[in-house]
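Working notes, structure below.
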Amino acid sequence: MTILATEGLSLSFGGVRAVDGVSLSVPENFVFSIIGPNGAGKTTLFNLISGVYAPDDGSVRLAGADVTGLKPDRLARCGLSRTFQNLQIFFRMSAIENVMVGRHRHERTGVFADLLHLPAVGRQNRETRAQAEAALDRVGLAGLAGQSAGSLAYGDLKRLEIARALASEPKVLLLDEPAAGCNPVETAALEGVIRGIAAGGVTVVLVEHDMRLVMNVSDRIHVLANGATLAEGTGAEVRSNPAVIEAYLGVHGAREAAHAAH
Amino acid sequence: MAELLQFAFSGLTVGAVYALVALGFTLIYNASDVINFAQGEFVMLGGLVTVFLLAAGLPLPVAALLAVVASTLVGLALYRFAIEPARGANAVTLIMITIGASIFLRGAAQVIFDKRYHSLPPLFGDTPIRFGGAAILPQSLVVLAGALVIVVLLWAFVDRTLFGKAVLATAANKLAARLVGIDTRLTVGFSFAISAAIGAIAGILVTPITLTSYNIGTLLALKGFAAAMLGGIGSAVGAVLGGLLLGLLEALSAGYLSSEFKDAVAFIVILAVLFVRPQGLLGRARVERV
Amino acid sequence: MSVRSLDERPAAQEQPLSKARSTFVGSLGRHRLMPVLLLAVLVALAPLLFPSGFYYRIFALVYIFALAAVGLNLLMGYAGQVSLGHAGFMGIGAYAAAIGPAHFGLPGWLSLIIGAVLSALIAFLVGRPILRLKGHYLAVATLGFGLLLAIVFTSEAEWTGGPDGMSVSRLVLFGWSVRGSETWYWVSAVLFLAGAAIAYNLIESPAGRAMRAIHDSETAAGVLGVDVSRTKLLVFVISSVYASIAGSSLAFFNGLVTPDVAGFLRSIELVAMVVLGGMGSVVGSLVGAAVLVLLPQALTFLHDYEHMVLGLIIMGVMIFLRDGIVPSIAAAFRGRRG
């Protein structure tokens with residue numbers, strides 16, 4: 001069953017078609033990767049799907065419902081969460097508090113209760129903290145819960161964002177270049193994390209440049225170039241697609257690669 | 001009609017001063033991301049120093065020149081001893097530093113000069129010129145002409161000289177400017193100096209009409225800031241436009257409604273503009289990159 | 001490869017020996033309201049050091065301004081939204097305290113509550129459009145809003161006494177007339193401590209976490225389900241109530257209210273208290289209020305040089321303790337210990 005779909009999604013920035021009529025359909029429980037050369041429009045596509053930008057044209061459907069142009073917080077309540085290519089960490093808060101914010105849409109106390117710290121707030125805080133600890137544990141950061149987010153290493157911050165998004169219990173999780181800037185060990189760890197998330201019944205949409213990671217975890221791969229769809233298929237299909245090779249290596253490079261293969 | 005002309009002229013005169021203060025805000029903001037709430041104190045210094053040097057027996061041109069030089073030095077000192085040491089502090093901290101500087105300068109002026117209001121002799125006498133039924137002070141024309149000359153000179157400087165381009169480059173991207181060999185400390189310091197000089201000239205030009213005193217700076221800073229935001233922060237043309245517009249609005253509402261409400265009308269218009277265009281009249285909307 | 005094994009860093013190490021002791025002392029020391037308890041002790045002991053009754057009056061003012069500063073700190077220091085017009089809400093509270101009894105024969109305490117409700121309502125109405133603005137644009141819009149309120153207080157002379165202001169009748173609570181500096185010292189201290197406790201409650205609550213999150217990244221907060229504009233509005237309303245109650249208290253305490261209470265300089269003063277003491281620090285707001293109330297008193301011996309020195313001190317503090325007094329000192333302490 002399709003959980004997330006876009007139909008002719010387009011957005012221009014001052015005349016440049018950053019995303020140009022992209023249609024894709026993500027089956028439930030898949031790890032669905034979106035790849036493409038730099039500037040292909042991957043992050044812009046993510047920003048359109050997650051409601052950070054509003055599209056000029058086209059639509060987004062989440063679990064069958066039209067969610068085009070909904071604000072991010074509404075989308076979050078529909079079960080869509082994401083991480084960011086350029087980290088968006090709450091640096092003034094501790095690691096665990098970052099993840100606790102991820103529980104926001106499940107928290108049920110009213111403002112007056114919060115102001116007066118009624119017993120319900122204490123219960124809510126304990127429950128939120130427990131869930132947040134579990135989410136930190138899933139990405140292997142349990143030991144750093146009390147640390148200030150500002151003091152964490154880059155690779156840890158990447159995983160902290162994943163934990164934060166997971167804490168909101170999304171149906172669909174968008175991961176925007178989670179391995180960017182990570183060393184090979186961190187990237188390998190990430191692979192396990194992504195597999196774990198998918199095994200937990202969450203659909204993962206992944207934008208990533210690290211091809212080894214993409215090939216290892218993806219059920220299906222969608223290739224963008226210049227804002228438009230170039231190809232879609234399994235890892236093997238995409239890898240052997242001449243158009244994809246050309247987009248990545250250029251015409252000349254593609255010819256050389258073909259020679260090398262012989 | 002004559003009445004409207006009268007209000008419009010006095011509005012444009014005050015507006016020209018707001019425009020120059022807003023231009024000072026913009027120059028410093030572009031160069032250093034600092035909102036300089038001490039900007040109004042330069043206007044005060046220009047006027048008061050001229051008044052007191054004149055009283056000390058110096059001829060007006062010499063007194064005025066020395067006043068501009070003095071204000072420029074104060075502007076440089078503000079940068080060197082207050083803004084530079086706080087490099088990298090957050091925006092609100094930097095604003096508080098300039099507010100501290102403004103309190104300091106006001107206090108200093110009160111000690112060095114006095115707490116009274118002072119005037120300067122107008123350049124071309126005070127016989128009003130009749131124009132379309134309105135009586136226009138010659139000094140109003142001097143203010144407007146002065147503002148025009150400053151804007152043109154500034155434009156020519158930025159557009160036509162290498163150093164001007166360096167200032168522009170610093171404003172656009174400080175790191176990139178440094179990488180191509182521009183001494184950004186020099187260009188930022190220069191922006192403070194030129195802002196101070198512009199403020200001082202505005203103060204000297206307008207003192208014959210509005211009088212000056214040690215405490216006029218706060219209100220001018222407020223109006224200049226509002227004008228800069230109305231135009232869209234960072235846009236020099238927007239600053240001038242915002243200043244003139246604010247002056248006009250004030251004069252018209254003071255004339256046709258009541259002087260009590262002149263600030264009210266001005267700010268209601270500013271609020272209305274910002275609700276429609278959150279980036280000011282000529283400011284550019286920013287797309288947040290994530 | 002398992003994920004856990006890659007997490008080389010050890011968990012925060014608990015030493016078994018000190019564990020039993022640290023659970024009790026630790027949980028008390030870490031309690032949300034511990035700072036309020038410590039402040040309460042300080043407030044109770046401070047009068048022992050007062051050389052004269054005059055200091056009751058000064059410190060009553062400190063607590064009243066600290067209350068407003070705590071509210072503004074929630075907005076600026078925690079949620080990251082600037083307001084250069086917060087004295088406007090102090091003005092609403094102050095004039096409610098004056099007008100309620102004088103024109104409608106209402107009891108003072110009820111007037112204070114009406115003022116707070118009115119402030120909340122006005123904050124709610126203007127907050128939605130104003131809080132869409134960011135950074136310096138938000139600053140100029142709040143500045144304009146505060147200015148408009150001050151103009152209303154000045155011009156509606158029939159109701160407010162115009163530029164000269166009006167006198168405020170004494171606050172009477174359950175037949176007890178609140179009068180004298182010493183009484184007001186305790187009343188304002190209780191108000192401030194209650195305000196501080198509520199602020200700490202909020203900071204560590206679901207709504208508080210949402211509000212702190214939008215300070216660092218509105219985008220990330222939104223993606224996690226935080227309604228950003230609603231959260232900003234909420235903090236704006238809460239902080240307006242703090243300012244309003246502080247304004248009412250100031251009016252009762254002084255027995256007089258003038259439009260200055262809502263003026264631009266007052267707004268700047270409130271911002272200065274928050275920034276000087278430390279954004280994002282409730283204790284900092286008290287310190288900031290103390291500095292800005294006490295300093296002018298302490299500097300009067302300088303006569304004409306008072307403003308110069310005041311300006312220099314503000315610049316010096318902000319240059320050398322750029323995060324504000326309390327956070328900078330706390331960071332220095334942590335740095336020395338480890």
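The numbers here are math on the coordinates, done by the rules we state, and not lab data. All figures in this text were calculated on a predicted structure; none of them were measured in a lab. All Cβ positions, even for glycine, are placed from backbone atoms using ideal geometry, and neighbour counts span all protein chains on display.
Once you wrap a convex hull around the alpha carbon atoms of the protein assembly as shown, what is its projected area averaged over all directions, in nm²?
Numbers: hull surface 175.4 nm².
Directional mean of the projected Cα hull area for the protein assembly as shown stands at 43.8 nm².
Exposure proxy for B:I129, B:I28, C:I58: other Cβ atoms within 10 Å of each Cβ, ordered fewest to most, give B:I129, C:I58, B:I28. Taking amide hydrogens as placed 1.01 Å from N in the peptide plane, the amide H of C:K134 sits under 5 Å from that of no residue at least 5 positions away in sequence or on another chain. Amide H contacts for A:R220 (H built 1.01 Å from N in the peptide plane; partners 5 or more residues away or on another chain; cut-off under 5 Å): A:V31, A:S33.
Given the -39500 (n - 2.57) contribution per DSSP H run of 4+ residues, what per-residue ellipticity at 222 nm results for chain B, rounded to the nearest 500 deg cm²/dmol?
Working: 11 runs with 207 residues, N = 290.
Rounded to the nearest 500, the figure is -24500 deg cm²/dmol.
To the nearest 0.05, how large is the calculated FRET efficiency for A:S12 and A:D219 if R₀ is 41 Å and r is the Cβ-Cβ distance? Please report the intermediate quantities before stating the final value.
Values: r = 31 Å, r/R0 = 0.76.
For R0 = 41 Å, the calculated efficiency reads 0.85.
Going from the fewest other Cβ atoms within 10 Å to the most, the residues C:R132, B:R116 appear in the order B:R116, C:R132.
Only beta bridges with both residues in chain A are counted; by DSSP, about 55 percent of them are antiparallel.
Ordering C:T258, B:T26 from the fewest to the most neighbouring beta carbons within 10 Å gives C:T258, B:T26.
Distance between Cα centroids, the range B:154-188 to the range C:66-113: provide it in whole Å. Here the two parts' Cα centres lie 46 Å apart. What is the diffusion coefficient of the range B:40-105 in µm²/s, taking the Kirkwood radius over Cα pairs and the Stokes-Einstein relation at 25 °C with a viscosity of 0.890 mPa s? After rounding, the answer is 190 µm²/s. Modelled label positions at A:R195 and C:L38, each set 7 Å beyond Cα in the direction of Cβ, lie 4.8 nm from each other. Taking the alpha-carbon centroid of each part, what is the distance from the range C:299-338 to the range A:35-103 in angstrom? So the two Cα centres are separated by 42 Å. What separates the Cα centres of the range C:215-250 and the range C:114-144 is a distance of 10 Å. The H on the amide N of A:L4, modeled in the peptide plane, is under 5 Å from the matching H of A:V26, A:A63, each at least 5 residues off or on a different chain.
Exposed loop sites here mean GluC sites (Glu not before Pro) with a DSSP loop assignment and at most 10 other beta-carbon atoms within 10 Å; chain C contains its longest site-free run at C:15-338.
Can you tell me how the range B:134-187 classifies by the Cα gyration tensor, rounded, prolate or oblate, using a/c under 1.5 as the rounded cut?
Numbers: a/c = 4.86, a/b = 3.83, b/c = 1.27.
Prolate, since a/c reaches 1.5 and a/b exceeds b/c.
Beta bridges per DSSP, both residues in the range A:93-235: antiparallel share near 55 percent.
Out of the chymotrypsin sites (Phe, Trp or Tyr not before Pro) in the range C:145-230, which ones are loop residues according to DSSP with at most 13 other C-beta atoms within 10 Å?
Values: sites: C:F145, C:F153, C:W159, C:F174, C:W176, C:W184, C:Y185, C:W186, C:F192, C:Y200; in loops: C:F174.
Hits after loop and neighbour filter: C:F174.
Looking at the range C:53-262, I'd like the Rg to Rh ratio, where Rg is from alpha-carbon atoms and Rh is Kirkwood's inverse mean 1/r. Could you put the intermediate results ahead of the total?
On the way: Rg = 17.3 Å, Rh = 17.4 Å.
Rg/Rh for the range C:53-262 comes to 1.00.
Which of rounded, prolate or oblate describes the range B:7-138 when judged by the alpha-carbon gyration tensor and an a/c cut-off of 1.5?
Values: a/c = 2.60, a/b = 1.54, b/c = 1.69.
Oblate is the answer for the range B:7-138, as a/c is 1.5 or above yet b/c matches or exceeds a/b.
Classify chain B from the C-alpha gyration tensor, please: rounded if a/c falls under 1.5, else prolate or oblate depending on whether a/b exceeds b/c.
Details: a/c = 1.67, a/b = 1.23, b/c = 1.36.
Oblate, since a/c reaches 1.5 and b/c is not below a/b.
Of all DSSP-defined beta bridges confined to the protein assembly as shown, some 65% are antiparallel rather than parallel. Taking only the alpha carbons of chain A, we obtain Rg and Dmax values of 19.5, 74 Å in that order. Taken one residue at a time, the phi angles of the range C:289-306 give Karplus couplings (6.51, -1.76, 1.60, θ = phi - 60°) of 4, 4, 4, 7, 8, 6, 4, x, 5, 5, 8, 4, 5, 7, 6, 5, 7, 3 Hz. Gly and Pro are set to x.
Based on Cα atoms of the range A:127-201, Rg over Rh with Rh as the Kirkwood radius reads 0.94. Counting lysine pairs in the protein assembly as shown whose alpha carbons fall under 24 angstrom apart, excluding pairs fewer than 8 residues apart on the same chain, gives 14. Each 5 Å bin from 0 upward holds the following percent of the Cα-Cα pairs of the range A:93-167: 3, 18, 27, 21, 14, 10, 5, 1. Per-residue ellipticity at 222 nm, computed for chain A from helices alone with -39500 (n - 2.57) per DSSP H run of at least four residues, works out to -12500 deg cm²/dmol.
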